1. Go through (1) surrounded by fewer than 19 Cβ atoms within 10 Å (Cβ to Cβ); (2) polar (S, T, N, Q); (3) within 20 Å of Ala48 (Cβ to Cβ); (4) modelled with pLDDT under 80 and name the single condition Thr333 misses.
2. How many residues does segment 688-719 hold that are within 50 Å of the chain's Cα centre (by Cα) and modelled with pLDDT of 90 or more?
3. Counting only residues that are of a type outside the set (S, T, N, Q), at pLDDT below 90 and in contact with a strand residue (DSSP E or B) (Cβ under 9 Å, 6 or more places away or on another chain), how many does segment 886-920 have?
4. Go through the residues of segment 1028-1038 one by one and say whether even a single one is surrounded by fewer than 16 Cβ atoms within 10 Å (Cβ to Cβ), at pLDDT 90 or above and either closer than 30 Å to Val1076 by Cα or of a type in the set (S, T, N, Q) (or both).
5. In segment 19-31, is there at least one residue being in contact (Cβ under 8 Å) with a residue 40 or more places away in the chain and either under 16 Å from Ser295 (Cα atoms) or within 52 Å of the chain's Cα centre (by Cα) (or both)?
6. Inspect segment 268-283 for any residue being at pLDDT 85 or above, surrounded by 13 or more Cβ atoms within 10 Å (Cβ to Cβ), of a type in the set (A, V, I, L, M) and touching a Phe, Trp or Tyr at 6+ places or on another chain (Cβ under 7 Å) and give the result as yes or no.
7. For the list (1) more than 30 Å from Leu866 (Cβ to Cβ); (2) in contact with a helix residue (DSSP H, G or I) (Cβ under 7 Å, 6 or more places away or on another chain); (3) touching a residue at least 40 places away in the same chain (Cβ under 8 Å), I need the number of the one condition that Leu1038 fails.
8. Looking at the structure I just gave you, is Val729 crowded, with 23+ Cβ neighbours inside 10 Å and at pLDDT 90 or above?
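The values are calculated or read from the model by the stated rules, or taken from the named source; none is laboratory data. Remember, it's a predicted structure, so these values are computed and weren't measured experimentally. Using ideal geometry, Cβ is built from the backbone for each residue, glycine included, and neighbour counts are taken over all protein chains shown.
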Amino acid sequence: MGVFDVVPSGVLTGDSVMKLFSYAKEHHFAIPSFNVTSSSAINAVLEAARDTKSPVIIQISQGGAQFYAGKGLSNDGQAASILGAVAAAHHVRHVAKTYGVPVILHSDHCAKKLEPCNTSTMNNCKYLKDFFPIKPKDNVRYNRVRVDNAALYTQPEDIWDIYRELSSIAPHFSIAAAFGNVHGVYKPGNVRLHPELLAKHQDYVKNKLNTNDNHPVFLVFHGGSGSTKDEIKTAVQNGVVKMNIDTDTQYAYWEGVLKYYKKNEGRLQGVLDAEEKPNKKYYDPRVWLREAELSMKKRVQEAFNDLGSANTLVNETYSNYSLSCLQCQPNNTQEQWSFKPDCSAGPFCWDPSFIGMHTCSNDIIAKFYENDAQAAIELYNFQECGQNSEACQAGFFSDQIRKVHLACCAGFFCPEGQLCMIPCRPGSYCPTALKSINGTCQSSVSCPYYPPKTYGIYGCGGSTFEGFCPAGSFCKMSYESEPCPDGTSYCPTGVQQPLPCPSQFVCLSGRARRQRLLTSVTVSFVVIIVVYVAVVEIFQWLVLKKKLLGQHTLEDASNVSNYFKKPTKSKSKSNPTFQLNIHLYRAKLRNVTRFDLERNEGFTGRITAGRLTALMGGSGCGKSSLLETIHGRRRLHANGYIKFAEHEPLNNILTDYIGYVPQADIMHDDLTVFETVYYSARARRLNDSQDIIKNDVCFVLEKLGLEFLHNRQRKRVNVAMEIVACPKVILLDEPTSGLDTVSCDHLFDLLQLIKYSAAGPVTIIMVIHQPSQELFHQIDDIFFLTPHCCLAYQGPRNKAKEFLSEKIFNHSTKDHPPVRHNDCDTCFLMLTKAPEYIENHSIDNQIISQPLKTYSWTKRWCLPFLYVVSRSMKQIYVRGAIAEATYMLAYFLLGACVGYLFENKQQGTCDIQVLPTIYFLMSLSFGILTCISSQRLFGVEITNKTYERESRNYFHPFQYWLAKSLVDIFRMIFYPLLFLSMLYIEVVPRGPFSYYLSMMILLSFVCSAIGQLTSVIFNRTEYAYLAGTIVALLSCLLSGFSPTKTDLGRGKFIVTLSFSRHVQRVLFRHETAHYVEVYNSTLAHIWLTQVKFLEHNFSFNDSENPFFWLILIGFVLRAITFLFLYAKSEYRSTIRFHVTHLGPTIQSLFRCEPCREKASSPEEGYQL
């Protein structure tokens, strides 16, 4: 048995101190206690203790502690001494365990001047004391240092008195009896030591206690400097367990410096020597202080030997088994030495009872599986092993029956500090009989990597750690590895069975090789992109430039629909087939500043079908507002109405009967003129054939002078879009704006044709500014509005001038403006001269009932939906081919870049810490790019307002949303495929490609919903891109990756809303499931430790349902997108109208716009 069988290495406290002194007394040796004054002296003592294999006591005095802190510090109130003592204790505590020896920290007894405290206590004064605080009058009796020479020897009675009194205070203490010893150096013979007196003291106390213990008192040897070895030996035999040494070690420390100086005196006289060479390596304090340490170390080792504490750390039980397990062969080099058969357990390794006897406990096994490095420290078997590497050498276990050390069995590993074996788990590789090369023990396990260990006392045994089955091999059992079969399988690190070779990979030497596949995929991608872009661009060139394909011409005007034919005699104006008049009653406009609600009673009148009616007046008089109110885009104040026959403007049935040309030129920029007009008509004329519609389109384009033009003359294209739809009511807001005289003539000629055609009368209302005399005479009826938004006149054009002259000026010539050549200008001038005229011109208004028909439910819902799908596909995949190819390239390159960061990391590594990082970057990069790319689906048409225009004319927002979403399905699948094509090949995960693709499609489903939502919320593209990027980034940053879900504290619920979180969790758990598959074993897989750690660290084992949340988030975001589309549309519905205007209404209330309207001056400027 050795010291390490009772106490560990490092600083001892509590019961360990008593155990060490009891062991020393029992085995008849004492422990030297060395005074120190610096860290250098401490290191010298610890180094000597380590090399001599002895426990040691390090003590510091009051003066030494002050010196340790620094003599430059004030020591008032012993502050510097206390600080130095604490610093020295910390230093010893930090380094003692590394030196591998037991250490007791001790404070030396106080100086005379510090009475009445005269104690010498260890770090835990509860257990051992060299004297204790006593009364000053008794101090002379008990302290052998304070007596005169006549009383230099303590009597047995004194020892008993001290023992009895101290026993009543503490159970454990030591007594420093005087037997002629004094402090300091004295000449031998001046003071004679009588250590044999100590035996009498022990006998006296033994008799008093009536005990069998021959040495009941722990004695301390103070003032031992200059003592002979025999005197020291006698004192130890009589129960001395501690001896203080200070003077001798002080001189030894100085002697080292002195000898060094004398040896190198010439080199220590200056910075440079005689040859002008630096002397730094001689006067460097590290050099000569080291010499002092070595000199002091020598004296300390001498003390260990004198007191008998040297070599007491060794575990004697196993010290006889120091035969090397390498068979020495003098005629061969060391590399050729063989392993001794006697050191192998041989067939016993297959004996279940033998294995069960020598397998570690489940607690130890679990700790080593969890963290082997930490377990090696925490579970070091000090009781059996101590610090003796011979007793518990790594790679060996102890046969408790035969008391021999044996090499660790195959399939087990034996860490240092344990006498038992730990079974290696499935997927691991733990061979036996490590190979000895150049004095080191080489393991065939490369992952994890541990530097080769040098030969221990037993040579090279079995596995010292649990290694992973090497890449390129598989390990059915943990003690053997087999080469991976070529062609059909590959073997990454830590597998029990070969994994199937991924499709299109080449598997050789156990690795899935991908160079050929990388080349094939890259070439295929480039070919697909080039062919796609080339075919589309050539087709575009033939259609748009060469006009060889897709051109439509009107060969026979008689093939157009009746809407564009003159009426026959049998169907004259006197017998109309269908007419839709518009009736106004007390119609008071909203949100028109100049409309005086108190004085203006509203508009009452009728707009008749089959006539061209113009709304005219000065700028800001409310013409466009009246037109928008007729269309249903604005509301009226209560008690008034505008009706189409008996139908309210927001009645959905009117959608098929009204065409509206806005003041702004709104159209698709990526379609030709013919396509723009054709798609608009096709989605609205659901009963007409394709040929009839094409002929009508060609007819209208020819009439307007738009043949073969590509997206030019936008105003005429906007007019054509509505006219070709053949509505029964056409509303035009400034259709002549920006048109030349010829174009205006073409437009009016077409309007004159359709206002009363073979299909019946059409109600045409236009807002127009100062037409020419010729155009003015083509207008049938006029509504003239005054500067204060009053209806000054309504009725036939040719009666307007006379009516205004009589009504406003009563045929007086005094204020009457001069007559102009253009009757329109004359009427405008009359309105200008009478700004206070507020009387509304009303006419009889009898509503004529007119039943309206609409299309069947199936046609109304299915056909526009199909037309939107067809048009969107052409816009995205044909006209937007360059942009589409650019995004395809972006996804492909992004996947390649992310894959390159982790290229082939998972085949040859035994660390899966990188897996969460891979999945985080996958979700981050793909998510941001998808949030941006998906905004094209709705964003373009939201920005250029084509969605708003089309929703008012022919489709419900749900039809539009559903059609667009259907078109986007291809990209939702193809983009993830491009992204994964390179990433999967470069990373080579164990999960199948199909599973990764399905998860990326689900991720695309969610992220595209984010992009679509931001694109419909913001009307500016740059804002939408920024918002989509921020949302995707925040989703990834709050995914629980860093900071983790636990770090988020109370805010950890937010990770549930992160798409990145759910993708990371699903992919990690799916991928690691392939790592921890176990075959024919009850033990968990070796990968399970890392998997469990990462699951716990990232909270992947929480009760979440990622598929549910991903699908829910995707559908909720799409539902919100639809709601925004619904609110931004102009679909003809009362509910939609109120939803659309809810936001502006609330804003107007907060801004108090009604207040500002009342406060505004009624006399505002009026421009002609």
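1. Single failed check for Thr333: (3).
2. Kept after step one, since they are within 50 Å of the chain's Cα centre (by Cα), are these residues of segment 688-719: 710-712, 714, 718.
Pick out the ones that are also modelled with pLDDT of 90 or more and you get 718.
The qualifying residues number 1.
3. The total comes to 2.
4. Yes.
5. no
6. Within segment 268-283, the first condition is being at pLDDT 85 or above, and the residues that meet it are none.
Among the residues of segment 268-283, not one is at pLDDT 85 or above, surrounded by 13 or more Cβ atoms within 10 Å (Cβ to Cβ), of a type in the set (A, V, I, L, M) and touching a Phe, Trp or Tyr at 6+ places or on another chain (Cβ under 7 Å), which makes the answer no.
7. That leaves (3) as the condition not met.
8. Values: crowded, with 23+ Cβ neighbours inside 10 Å: no; at pLDDT 90 or above: yes.
Considered against the rule, which asks whether it is crowded, with 23+ Cβ neighbours inside 10 Å and at pLDDT 90 or above, Val729 comes out as no.
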